[in-house]
Amino acid sequence: MSWLTAEQALNLLGTKSQTLYANVSRGRIRAKPDPADSRRSLYFTDDVKRLATRHAGRRKTETVAAEAIQWGDPVLPSALSTVSDGRLFYRGRDAAGLAEHATLEEIARLLWDMKRPLRLERQGGSKNPPSLSAAFSALAERATTDLPSLGRSLSALQNEAESVFGSIAEALAPGNRDLPLHQRLAIAWDRPDASDIIRRCLVLFADHELNASTFTARITASAGATLSASALSGLSTLTGPLHGGAWQSVRSLMIRAAAIGPEEAVRGYLAEGRPLPAVGHPLYPDGDARAKALLPHMTLPPLFAEVREKAEELVGERVNVDFALTAMTSAYHLPPDAPLIIFALARTVGWLAHAMEQSTSGHLIRPRARYVGPAVT
């Protein structure tokens, strides 16, 4: 969960309650009333962990590092994206603002730091439906034949990134290559009215700091592997239910809400001690900026609108981008795998940007393990 009780916060900080309250008053730790008891407060987890790490004092380095790597401070420098004051930025530009007009191709140029137009192949075009399996196959085939990324110039890597991205686009957004990717997807799904909302999704999903799949892609690139191998490792990680597959948990919530009612479904999750998948995000204590940018541009189906109302009321946090993406899929009658297709196509841009940034740094990512097994003899 993204919020802690006073007791949990004090355990992490190792201080007295007066110190906790002082940090809140100084703006170092964000707090909000506890929805279950207005007399108590909850404290934002990231702020508490960051302050605890900063004041670690005599704690061992490996202990601090182990705590920091779990939703802690960034462990790698990057000029690509950041979340600051509840907003997502791409190279210093507000992603929500870019989503008002930009295409994914334009975001690729921005994140890849390209001064020329993107040159995706313009001939042919598959007539097959969007397929995640085809994307895996295309990347796996390329990973064994493309050149390693190590020791190559940024311009050479940019040329290869275009080619890798073209292979992914052919699998995930097949069709007329003279059209932008969001239109290709909308046509492939026979939902032309969904073109603009798909465009907005693609822009907002392009990158998101050092998330699990991006970190995996950077590790792969740091070893000098091909850009296609980096994208393949990112795609593999994305399929996990705690990452790109999180929308399936939202869909399960909606199925439950349809069966027993929105309020009963939400209360059921809370009564079982399960976090509600549709709300909250650790990086956005005041609401997921991507969901805020998407929701005003779609009409929520009635069931989604009711679940949103009850979830926000009972949990005290706003719906997140996984909820928005699942709602969009329902509102526009897209295929069941549309959320993952959109997510994967968009995030490929970010994976390639991070792979190039890591490759040109020349540094191998090699953390140490804190051994907790049987005593060595």
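Within region 1-21, residues that are in contact (Cβ under 8 Å) with a residue 24 or more places away in the chain reach partners that are assigned to a helix (DSSP H, G or I) and among the charged types (D, E, K, R) with beta carbons closer than 7 Å, at six or more positions or on different chains, in the pairs LEU12/LYS49.
Just so you know, in region 264-279 the residues that are closer than 26 Å to LYS49 by Cα and out of contact with any helix residue (DSSP H, G or I) (no Cβ under 7 Å at 6 or more places or on another chain) include one that is surrounded by the fewest Cβ atoms within 10 Å (Cβ to Cβ), and it is GLY273. Of all residues in region 258-314, those that are hydrophobic (A, V, I, L, M, F, W, C) and more than 23 Å from GLY86 (Cα to Cα) total 12. Contact map, region 174-197: residues that are in contact (Cβ under 8 Å) with a residue 40 or more places away in the chain and surrounded by 15 or more Cβ atoms within 10 Å (Cβ to Cβ) paired with residues that are basic (Lys, Arg) and not in a helix (DSSP H, G or I), Cβ distance under 8 Å, separation 6+ or inter-chain. Pairs shown: PRO174/LYS127; GLY175/LYS127; ARG177/ARG122.
Restricting attention to region 220-236, the residues that are surrounded by fewer than 19 Cβ atoms within 10 Å (Cβ to Cβ) and assigned to a helix (DSSP H, G or I) total 1.
Out of all the residues in region 299-351, which are of a type in the set (Phe, Trp, Tyr) and either closer than 29 Å to SER228 by Cβ or not assigned by TED's automatic domain parsing to the domain that holds THR237 (or both)? Answer for region 299-351, where residues must be of a type in the set (Phe, Trp, Tyr) and either closer than 29 Å to SER228 by Cβ or not assigned by TED's automatic domain parsing to the domain that holds THR237 (or both): PHE343, TRP351. Whether a residue is modelled with pLDDT under 95 and either among the small types (Gly, Ala, Ser) or under 17 Å from ALA173 (Cβ atoms) (or both) was assessed, and ALA194 does not pass this test. Restricting the search to helices (runs of 4 or more DSSP H) fully inside region 259-377 and requiring at least 1 residues that are more than 17 Å from the chain's Cα centre (by Cα) gives 262-271, 302-315, 321-331, 338-361.
The values are calculated or read from the model by the stated rules, or taken from the named source; none is laboratory data. Remember, predicted model here, so these are calculated numbers, not experimental data. When we count neighbours, we look across all protein chains shown, and the Cβ atoms used for this are built from the backbone with ideal geometry, even at glycine.
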